[in-house]
Structure formats: C-alpha cells, structure tokens
Amino acid sequence: MVLKSRLNRVQLAVLLLPGLFIFGMFTVYPIFRLLWMSFCDWSFASMLTQPFIGLQNYRDVWGDGTFWTVFVNSIVYTLVTVPGQMILGLFTAVLINGIRKGSVTFRVINYLPVITSWVIASLVFRYIFNTEGLLNYLLTNVLHVTASNTRWLDSRWGGMTVAMILGIWKGVGWNMVVFLAALQQVPMDLYEAAEMDGCGAWKKFCNVTLPCIRGTILFALIMLTIGGFNVFTSIKMITGGKPAHQTDTLLTWMYYKAFSTGKFGYAAALSFIMAFCLGLLAILQFKTMKNKDA
C-alpha cells in the first residue's frame, strides 16, 4: 500500500513537472526579472551594466506629469466602457432570453464584434472619425450639418471618446453571452412566485434576476476592469497617443517609454504600479459585492 502511494506520487510529479517548468520559465521568472528591472537603471545606454538605483524609477513615474494624464485617461476609459458594456450586454441578454425563435441568429449578430480583429476595427473607426473620414463626409456633404470638417481625433477627449465607443461596441457581445448563460440558470419558480405576489417585469428584474446573477456581475466587473486598464490596440491604432501623448493610456505610455525612449526600468516600475492599482480595485470590488450580499 505504501509502495503504491509512493508510485502515485511519482507519477503525479512526472505529470506536473513539465507544466510547472513551463509556468516557472515563462510566467514566474519574467515577473521576478521585471521586478528586479524596476529597481535598476535599465536603458539602452546602461543595458550592459544595469546599475541598481532602488526606488528611483518609481519616484520618476510618480513625479511624471504625463503619467498622471495617462492614468486619468485609463480611469475615464474604464469608468465609461465597463458600465456601458455591462448595461448594454445585460439588456441584450434579457431581450434574447425572452425570444423563442431566431435567438441563435441574434446571438451571432451581437457576438460578431467580439471576434472582429482589434486592429481591423480600430482602422475602420479611424477611417470613420478621421478629418477626411466618413462621418465628416456625411455631416458636411450629405446632411450639410457643418460647414467644415471636424477634427475628431486631434483633441484629447475627442480621441478618447472614439476609443471608448469602440471599446463598448466590441465588448457588448461578450457580456451578452456571459449574462445570457447566467439568466438561463435562474429558477423559473422564483419568477412564478414573484408574479403571484403581483410583481411586474421591472420588479422581477430588480428583485429576482439581479440577485440571482450577482456572482456573474462581479465576474464581468472584474474582468472588464482589468481589460479597461489594459487597453492598447485601439489607442495605438486610432490616435497613437496624439496630440502630445494626451490620449495615451497606461499600456501605450509604458510601450512608448520602453521601446521609443529605451527606459525599460521606468516601464517596469509603471507595470507594477498598474498591477498594484488593479489589485486594490479587485479587492474593493469583492468587498463591495460581499457587503451587498450580507
């Protein structure tokens, strides 16, 4: 019996070791290497020496005015796109959940933006909102609403608004699928009991549907918050951070500092500051939802 138990442990170790090795090599080691980099003067000029400078990179990030600009951009992007995706996704899921015929077709139509390439979608949105783009053509030449073209992408909040519209459009389908799966697990007995108590559609939604899918809402909220702070492709393709990095977000600014200026230590410190902020947000969201459940 003891020999069989040891044999099972050896077999388990043999099965786990390849996966643990890959996880350690490509996940754990890069994280600790990046952490060490954040404490060093790691740049193109000092790549061979890599002198240790302590918390200087973190102080540089904290004292950088552009960092606070991109940080506010990331917060605003998240605050707008996350509720937008969740509200529209839940609304769409409720509508489709009540459809008996053609629901599959509506699911596919609403999910198409999710599987559309971020690069392609960003280029299309840039074409639409460009100074010589489709929207200005319709407003000036077709509808005659404006006399001249509007430079949508040449201002901070104009460019951010376009990116946020794209983010909401891309994310509604994912939220629809997640919420639709949760809605289909709500017991019908609860709705029947609510009807017997005289509840209308809105009261059933507030008192039955929302409490039953609270876990799914928390899951979507955390995942979308992480995704909001990780926005990169749409900003890079639509505005490129222009004008003067006013439309940059945390990831695009991190990319610029690392690969355009060569300040890898600064970028590494910024990545850990970003991870710390996301961790605090996740903890806050968990505690808020837990208090509501209590």
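The values are calculated or read from the model by the stated rules, or taken from the named source; none is laboratory data. Every value quoted in this text rests on a predicted model; they were computed, and no experiment measured them. All Cβ positions, glycine included, derive from the backbone under ideal geometry; neighbour counts span all protein chains shown. Keep in mind that these areas ignore ligands, DNA and RNA; they rest on the heavy atoms of the full protein, side chains included. Shrake-Rupley method; radii C 1.70, N 1.55, O 1.52, S 1.80 Å.
A few remarks follow.
- When you restrict to C-alpha pairs under 8 Å that are six or more residues apart and normalise by the size of the chain, the relative contact order lands at 28 percent.
- Residues whose placed amide H lies under 5 Å from that of residue 40, excluding near-sequence neighbours: 53
- Taking θ as phi - 60° and the Karplus parameters 6.51, -1.76 and 1.60, the scalar couplings of the range 212-220 work out to 6, 10, 4, x, 5, 4, 5, 4, 5 Hz in sequence order, x denoting glycine and proline.
- Taken about its Cα centre, the range 157-223 carries a charge dipole of roughly 320 debye when the Cβ of each Lys and Arg holds +1 and the Cβ of each Asp and Glu holds -1.
- Exceedance of the 27 Å cut-off in Cα-Cα distance is limited, within the set 170/263; 170/242; 170/204; 101/170; 236/263, to 170/263; 170/204.
- The apolar share of the surface of the range 53-130, taken as the fraction of accessible area on carbon and sulfur atoms (1.4 Å probe, ligands and nucleic acids excluded), comes to 70 percent.
- Extended-chain gain in nm, criterion 0.36 nm per residue less alpha-carbon gap, residue 201 and residue 185: 4.0 nm
- Taking θ as phi - 60° and the Karplus parameters 6.51, -1.76 and 1.60, the scalar couplings of the range 172-178 work out to 4, x, 5, 5, 4, 5, 5 Hz in sequence order, x denoting glycine and proline.
- Spacing of the two label points (7 Å from each Cα toward its C-beta) at residue 15 and residue 286, in nm: 2.8 nm
- Highest-first packing order for the peptide set 151-157, 110-116, 187-193 is 151-157, 110-116, 187-193, based on the mean count of other beta carbon atoms within 10 Å.
- For the pair residue 157 and residue 95, a Förster radius of 25 Å applied to the C-beta separation gives a FRET efficiency near 0.20, rounded to the nearest 0.05.
- Across the range 75-80, coupling constants 3J(HN,Hα) worked out from phi with the 6.51/-1.76/1.60 Karplus curve, θ = phi - 60°, read 5, 4, 4, 5, 5, 8 Hz, and Gly and Pro carry x.
- Dimensionless Rg over Rh [the chain; C-alpha; Kirkwood]: 1.07
- With contributions of -39500 (n - 2.57) from each DSSP H run of at least four residues, the per-residue ellipticity at 222 nm computed over the chain stands at -22500 deg cm²/dmol.
- Principal axes of the range 79-197: Cα extent on each, largest first, Å: 59, 31, 30
- Rolling a 1.4 Å probe over the protein heavy atoms gives the chain an accessible area of 60 Å² per residue.
- Approximate spin-label separation residue 275-residue 193, in nm, with each point projected 7 Å along Cα-to-Cβ: 4.5 nm
- Per-bin percent of Cα-Cα distances, the range 129-209 [10 Å]: 16, 24, 18, 15, 19, 9
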